[in-house]
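Before any comments, here is the structure.
Derivation of every value follows stated rules applied to the coordinates shown; laboratory data play no part. Note that the structure is predicted; figures quoted are calculated from it, not measured. As a convention, Cβ positions derive from the backbone with ideal geometry for all residues, glycine included, and neighbour counts pool all protein chains shown.
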Amino acid sequence: MQLTPTYLNKLADSFPDIKLQAASNFKWSPDEQTVYYDQTDPDAAQYLLHEISHALLSHTNFSRDIELLKLERDAWDYASSQLADRFETTIDDDLVQDSLDTYRDWLHSRSSCPKCASTGIQNAANSYQCPACQQKWRVNDGRGCQLRRYKIK
């Protein structure tokens, strides 16, 4: 569903504390209390309801990578169960799973040991340790750029 001015106005009127801002991607910014959206995306209404759900659920930060996946799942669940009917939008489960897959892939890449490829355990915000070979590594954010893993001696 394409975003029409009527649809956007209905959302803005329904959630006056959340600013809606056209952009080149979808994102909830808790610091700015703004949902950014790409109005050219053919699935824009679904993604927009998802980002609004982050706002309504007061999602701000996460300390462990696995928590991000939970926040994403919770936002999709809320969009599907609480917002979709109200805003006459169908949330496609395949789209949800594809979106969640990007986070699952991100999590798997971050947690893969750069020495032996086993799955590591996160021990701090951007650091992991491998239970198989004891290698430690740190990672960059990697959500908006290429993921990098740096071995720690």
Using Cα springs under 10 Å in a Gaussian network model of the chain, which residue among Ile121, Ile91, Ile18 shows the largest mean-square fluctuation?
Ile121
Using +1 at the Cβ of each Lys and Arg and -1 at the Cβ of each Asp and Glu in the chain, identify which of Ala55, Leu71, Cys133 lies farthest towards the dipole's positive end.
Cys133
Compute the angle between helix 44-56 and the longest alpha-carbon principal axis of the chain, please, reported from 0 to 90 degrees and rounded to the nearest 10.
70 degrees
Taking the number of other C-beta atoms within 10 Å as the exposure measure, put Val139, Val35 in order starting with the fewest.
Val139, Val35
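Mind putting a number on the dipole of the chain about its Cα centre? Charges go on the C-beta only, +1 for Lys and Arg and -1 for Asp and Glu, and I need it in Debye to the nearest 20. Before the final figure, lay out the partial values.
Values: 17 positive and 22 negative charges, 283 e Å.
Roughly 1360 debye, rounded to the nearest 20.
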Any chance you could give the angle, 0 to 90 degrees and rounded to 10, that helix 65-78 forms with the longest Cα principal axis of the chain?
20 degrees
For the chain, what is the mean residue ellipticity at 222 nm derived from helices alone (per DSSP H run of n ≥ 4: -39500 (n - 2.57); sum divided by total residues; nearest 500 deg cm²/dmol)?
-12000 deg cm²/dmol
Pick from Lys70, Lys27, Lys115 the residue whose mean-square fluctuation is largest in a GNM of the chain, springs joining Cα atoms under 10 Å.
Lys115
Between Arg86, Arg110, Arg64, where does the largest GNM mean-square fluctuation fall for the chain, given springs only between Cα atoms within less than 10 Å?
Arg86
Averaging sequence separations of C-alpha pairs under 8 Å and six or more residues apart, then dividing by the length of region 5-111, give the relative contact order as a whole percent.
19 percent
